[in-house]
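Worksheet for the structure shown next.
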Amino acid sequence: MRQPVLEILEAIGLRRTTGRLVEPGPGESELRKILEAAARAPDHGRCRPWRFIIVPKSGADGFGAVLESAYLQRCRRTGTPVDPTRRIRERERVRRTPTFLVVACCPRLDIPIPAHEQVAAVAAATENLLLAATAFGYGSKWATGPAATDSTVKRALGLGADDSIVGFVHLGSVAEDSAKPRAREEDISTVVQYWRRAS
């Protein structure tokens with residue numbers, strides 16, 4: 001039985017990248033709530049620049065083939081030897097996770113909101129997504145890598161030249177051998193400072 005939804009501060013404290021995710025992933029209703037939470041991110045100008053592209057299990061082989069092909073093309077362009085393990089990992093990326101989605105930024109260029117602010121909004125939406133998944137009791141992983149900037153991958157997702165992939169997001173249940181003890185409280189004393197006007 002899925003645990004009750006966590007309070008926000010507890011979810012923040014528990015969120016961490018999970019290396020291995022197993023079934024089950026979020027159900028349709030849960031995933032909708034998770035994506036609704038993602039879309040509540042700060043959004044200067046109400047641009048709604050985020051796109052959440054769900055790759056269903058029925059599309060795992062097809063999108064895996066896109067990722068594999070893109071990897072092979074990058075190797076050819078750069079003269080890098082093909083790593084057989086990496087090739088398999090790209091091909092199996094979607095199949096290895098219960099729920100796989102791509103978070104993209106499709107910035108509006110017809111308004112005076114800088115593109116970098118719109119990308120920041122999508123990053124905030126991605127964090128909301130991870131926290132909402134944590135609140136429902138699921139593990140998550142936010143990945144990028146060379147595929148995130150690959151034009152072949154972008155085209156396969158229907159993204160344009162001005163669009164960008166902010167992350168490949170994996171959601172699912174945490175495998176027992178991937179469970180980590182709760183992280184210690186973050187010591188923020190080294191990253192917090194108070195501004196003082198220069199004399």
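Yes or no, residue by residue, for (1) out of contact with any Ser or Thr (no Cβ under 7 Å at 6 or more places or on another chain); (2) more than 25 Å from A175 (Cα to Cα); (3) hydroxyl-bearing (S, T, Y):
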| residue | (1), (2), (3) |
| --- | --- |
| G25 | no, no, no |
| E30 | yes, no, no |
| V55 | yes, no, no |
| L72 | yes, yes, no |
| R76 | yes, yes, no |
| R87 | yes, no, no |
| L101 | yes, no, no |
| L109 | yes, yes, no |
- Task: Look at the stretch 25-74 and say how many of its residues are of a type in the set (K, R) and either in a strand (DSSP E or B) or closer than 30 Å to R87 by Cβ (or both).
- Result: 3
- Task: State whether the residues of the stretch 136-147 include one that is farther than 16 Å from I53 by Cα, of a type in the set (A, V, I, L, M, F, W, C) and surrounded by fewer than 17 Cβ atoms within 10 Å (Cβ to Cβ).
- Result: no
- Task: Quick one: in the stretch 162-177, of everything that is over 15 Å from the mean Cα position of the chain (by Cα) and at pLDDT 95 or above, which residue is surrounded by the fewest Cβ atoms within 10 Å (Cβ to Cβ)?
- Result: D162
- Can you tell me which of R108, R96, R91, R86 is surrounded by 12 or more Cβ atoms within 10 Å (Cβ to Cβ), touching a Cys at 6+ places or on another chain (Cβ under 7 Å) and not small (G, A, S)? R108
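Quick check on this structure: which one of E36, E23, E10 is loosely packed, with under 13 Cβ neighbours inside 10 Å and in contact with a Pro (Cβ under 9 Å, 6 or more places away or on another chain)?
Details: E36 fails: in contact with a Pro (Cβ under 9 Å, 6 or more places away or on another chain); E10 fails: in contact with a Pro (Cβ under 9 Å, 6 or more places away or on another chain).
After ruling out the rest, the residue left standing is E23.
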- Query: If you go through the stretch 115-122 one residue at a time, do you hit one that is in contact with a helix residue (DSSP H, G or I) (Cβ under 9 Å, 6 or more places away or on another chain) and without any contact (Cβ under 8 Å) to a residue 12 or more places away in the chain?
  - Reply: yes
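The values are calculated or read from the model by the stated rules, or taken from the named source; none is laboratory data. Not measured: the values here are computed from a predicted model. Note that each Cβ is placed from the backbone with ideal geometry, even for glycine, and that neighbours are counted across all protein chains shown.
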